[in-house]
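Note sheet for the following structure.
The values are calculated or read from the model by the stated rules, or taken from the named source; none is laboratory data. Quick caveat: nothing in here was measured; it's all calculated off a predicted structure. In this analysis, Cβ positions are derived from the backbone assuming ideal geometry, glycine residues included, and neighbour counts consider all displayed protein chains. We work out accessible area using only protein heavy atoms, side chains counted, and drop any ligands, DNA or RNA first. Shrake-Rupley method; radii C 1.70, N 1.55, O 1.52, S 1.80 Å.
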Amino acid sequence: MVGIAVIISIILSVSLLTNPARFSSRSHQNRTTDMHNDNNTHNELDLYAPTQLIETTSTGQQNLVTSPTTNLIGEVLRQLRQEHFSAVKQISTNNQKQYQAILHKPNTMSLNYTNPISTDKVAKLLRYQDLNGLGQVSRLVVPIDEPHELYLLADENQTVYRVSLATKQATNFKKFLQHGVTKNRVEVKFMNRKPWLFFPNPVIMNDYAFMLQEQSQSSYLNRVIGNATNANVKHRQGKTTYSSPDQELTFDHNDNVTYNNYRPTKRIVRQEDALNAAYQNAIQLGIPLDNTKFDSYVAKDHTVVYRLFIEGFPLFSDDQLGTYTYRYINQNSEQYQFSLRDFQIPIPTDDSKTTLPNTSDVLATLQQRGLSHQQLQGMTLGYQVVTSKADSLVVTLQPTWFVKYDNQWVNYQVAGLNNNNGKE
């Protein structure tokens, strides 16, 4: 596996070094075109789609369903958009028993978000405007056989909305969930007063390796500052900052980019405003959003994070690689953080896989380090980005568990090890 990756890396690196413009300019031309065509609508729908699909069988068994070749959630939403909805009704709130009954309803699929999202976005996903203004939801529960209704669930206050279908076109997802998919047994349990996904068995995940493409600093300078010769330039501690009266663009030695706009054109008041600003400005800046999904939102400073997902699993990096972050700061500035590098070419890994411990074993490991489950804000399987020492444009994606505490995602293998992190 390593030999093949190194050979391909050398070939591709030589090609990029001998003629970098040929590879980069074609990509930039395509992105520039996308900024002005109808693909933006499709891209936004995909960006704000759920990230995880849980199947509950007729016997009540629950499985996480993934596919290396098919966008399962995209296909479910595509079929649902062909339906016609007739009514939406709140059927319960602050009722954990009712909430659990819907979460475990037999013969359904649950399409889950990593963070509650405005129903205004779900209204666009389903093309049903009556969903606007209902607040934020965490899950869509869809019957597998001939759905005549679906449910929107909000984890924060355990509210359930029922959406009725008017046409009853008898969409059937059963065959769709039986071919070319991977199923891992899961159990949805309440912990810290919210639903958590437990894996009762060890989990096998695919390994990946990628070639990266590196965009030039000048491409962003031209879009943001315009004529760079008119900008003030400062070099400090491995960072270079270009500034004009209302803007500031900083690059560091790890290809991380921070853009500050001190004259935002729109005021951000609610999540929907922040989501719209994050997306529209990413398009204007030309930031590549392929395979990224809405990952999280923090209301305090209207922070929106998009993250790369592989087969429905999030990617985490020590740098900005694979993430794009938008912040609306003190009502007078916007900040954008992203990377000059993005994922381009998969490298063969000889179908290698990694086996990870089950949820209970991970929680036990954390408990031994003094990190109790009450301190956890989240827990997920994902991919850790590891950069090749031989070539910075080659990375491997290592499957592992991640836990969130103190508002930070951390690889579980190091969580709680440094200075008793996580202890109160």
Point to revise | Test for H148: is it farther than 14 Å from V188 by Cβ and in the same structural domain as G60 (by the TED database) | key: yes
Review point. Which of the residues that make up region 325-344 are more than 20 Å from M211 (Cβ to Cβ) and in a strand (DSSP E or B)?
Key: T325, Y326, R327, Y328, I329, S333, E334, Q335, Y336, Q337
Study note, to complete from the structure: Picked from region 241-256 (must be assigned to a loop (DSSP other than H, G, I, E, B) and not acidic (D, E)), the residue most open to solvent (accessible area, probe 1.4 Å) is H253
Revision key, fill the gap. The strands (runs of 3 or more DSSP E) lying wholly within region 94-187 that contain at least 3 residues that are in contact with a Pro (Cβ under 9 Å, 6 or more places away or on another chain) are 108-118, 136-143, 149-154
**Study point:** Cβ-Cβ under 9 Å pairs, at least 6 apart or on other chains, region 385-403 side of a type in the set (D, E), far side part of a strand (DSSP E or B)
**Key:** D391/M211
Point to revise | Unmet criterion (only one of (1) closer than 22 Å to Q213 by Cα; (2) without any contact (Cβ under 8 Å) to a residue 24 or more places away in the chain; (3) not in a strand (DSSP E or B)) for K300 | key: (1)
Review point. Would it be correct to say that A274 is surrounded by 13 or more Cβ atoms within 10 Å (Cβ to Cβ), in a helix (DSSP H, G or I) and under 23 Å from the mean Cα position of the chain (by Cα)?
Key: yes
Practice item. Working only within region 122-141, note down all residues that are touching a residue at least 12 places away in the same chain (Cβ under 8 Å) and open to solvent by 30 Å² or more (accessible area, probe 1.4 Å). Key: K124, R127, D130, N132, G133, L134, G135, Q136
Check your understanding: Consider T69 against the criteria (1) outside any strand (DSSP E or B); (2) surrounded by 20 or more Cβ atoms within 10 Å (Cβ to Cβ): it satisfies all of them except one. Which criterion is unmet?
Key -> (2)
Practice item. Please work out if P202 is open to solvent by 50 Å² or more (accessible area, probe 1.4 Å) and at pLDDT 95 or above. Key: yes
Exercise for review: Give region 72-92 a look and list any residue that's in a strand (DSSP E or B) and open to solvent by less than 10 Å² (accessible area, probe 1.4 Å), or say none.
Suggested key: none
Study note, to complete from the structure: Taking region 208-224 and keeping only residues that are in a loop (DSSP other than H, G, I, E, B) and either open to solvent by less than 30 Å² (accessible area, probe 1.4 Å) or basic (K, R) (or both), one is left with Q215
Exercise for review: Return only the number of the condition from (1) open to solvent by less than 10 Å² (accessible area, probe 1.4 Å); (2) farther than 29 Å from V181 by Cα that N95 does not satisfy.
Suggested key: (1)
Exercise for review: State which residue is farthest from G74 (Cα to Cα) when the search covers only region 290-304 and only residues that are crowded, with 22+ Cβ neighbours inside 10 Å and of a type in the set (A, V, I, L, M, F, W, C).
Suggested key: V304
Study note, to complete from the structure: When region 345-364 is checked residue by residue, the ones that are outside any loop (DSSP other than H, G, I, E, B) and either surrounded by fewer than 17 Cβ atoms within 10 Å (Cβ to Cβ) or at pLDDT 95 or above (or both) are I345, P346, K353, T354, T355, L356, T359, S360, D361, V362, L363, A364
